[in-house]
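Here is the structure we will look at, set down as structure tokens.
The values are calculated or read from the model by the stated rules, or taken from the named source; none is laboratory data. It should be emphasised that the depicted structure is a prediction, and the values quoted were computed from it without experimental measurement. Every residue, glycine among them, receives a Cβ derived from its backbone with ideal geometry; neighbour counts consider all protein chains shown.
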């Protein structure tokens, strides 16, 4: 799948999605230190060890470059940036029970606006599986000749959980 590009300078500084999620009982925020192991274990159990490794990088960035969605102390989703490479958005995941509630869109926007506030002009979304989501939500555009891009020839793990 190709990479996609988001023009961060075109994004409005509108954080209303945070209040909208709060009204629905979901908090969008950055995780805190004591939550690290629970955060990474949840990602590994619900998605993959590879995504947990990327989230670990984002968690240890200063400041953190990851967000999570929480409902009543239960993780509903997460999103990261500057994990695979600088300027890259992802991974992002929402638990099946919480899909269709706008949580993924909110996590995406939180990360991209955070990147914009740090001074990034563009964000790259690597190896996009659902281009329509990104086109519709943040007007992302495909990057020609970007497959496999940064993901070419990754090392393989012998761990069946990955």
Go through the stretch 2-38 and give me each residue that's under 17 Å from the mean Cα position of the chain (by Cα), in contact (Cβ under 8 Å) with a residue 40 or more places away in the chain, part of a loop (DSSP other than H, G, I, E, B) and surrounded by fewer than 16 Cβ atoms within 10 Å (Cβ to Cβ). 15
Out of 23, 60, report the one residue that is modelled with pLDDT of 95 or more and touching a helix residue (DSSP H, G or I) at 6+ places or on another chain (Cβ under 9 Å). 60
Restricted to the stretch 124-134 and to residues being touching a residue at least 12 places away in the same chain (Cβ under 8 Å) and surrounded by fewer than 18 Cβ atoms within 10 Å (Cβ to Cβ), the residue farthest from residue 17 (Cα to Cα) is 129
Name the residue, out of 105, 109, that is outside any loop (DSSP other than H, G, I, E, B), crowded, with 22+ Cβ neighbours inside 10 Å and in contact with a helix residue (DSSP H, G or I) (Cβ under 6 Å, 6 or more places away or on another chain). 109
From 149, 121, which residue is in contact with a strand residue (DSSP E or B) (Cβ under 9 Å, 6 or more places away or on another chain), within 26 Å of residue 13 (Cβ to Cβ) and surrounded by fewer than 22 Cβ atoms within 10 Å (Cβ to Cβ)? 121
Out of 77, 90, sole residue that is without any contact (Cβ under 8 Å) to a residue 40 or more places away in the chain, in a strand (DSSP E or B) and within 21 Å of residue 9 (Cβ to Cβ): 90
